[in-house]
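In what follows, a single structure is set out as structure tokens and then discussed.
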Amino acid sequence: MEIWFALVTFVVMNGVNVALVFPEVSCGLASGVSSIIAASMVFIPMRIFSYLSAVASMALAIAAVALVCAALTMDEWANPYEMLGDSALVQLQNVP
């Protein structure tokens with residue numbers, strides 16, 4: 001039962017993330033397409049599935065490096081402990 005809840009959670013999370021990247025797509029449609037793609041992956045041979053897994057791992061590594069590079073380009077780090085109110089949350093000079 002625990003694996004089932006994890007599966008449903010990740011399918012819904014995929015739908016929400018796709019809807020954030022592509023606002024014209026609804027969460028329900030994105031979740032449905034994500035479920036169909038996940039179900040079709042059962043029929044892919046293990047060798048191709050391992051290559052897809054390697055591509056996904058490389059994409060995560062590239063995204064992590066991009067996040068670190070974006071953080072290093074900030075001129076000034078936002079430190080919310082030195083100020084109060086909205087100025088503690090919004091630091092427009094930190095947007096690259």
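FYI, it's all coordinate maths here, none of it is from the lab. Only a predicted model underlies this, so the values are computations on that prediction, with no experimental measurement involved. Cβ atoms come from the backbone with ideal geometry, glycine included; neighbour counts cover every protein chain shown.
Compared with the alpha-carbon gap, the fully stretched path from MET74 to ILE62 is longer by 2.4 nm at 0.36 nm per residue.
Model label points for ALA38 and LEU92, set 7 angstrom from Cα along the Cα-to-Cβ axis, are 4.1 nm apart.
Computed extension length for LEU20-SER53: 9.5 nm, one decimal, from 0.36 nm per residue of separation with the Cα-Cα distance subtracted.
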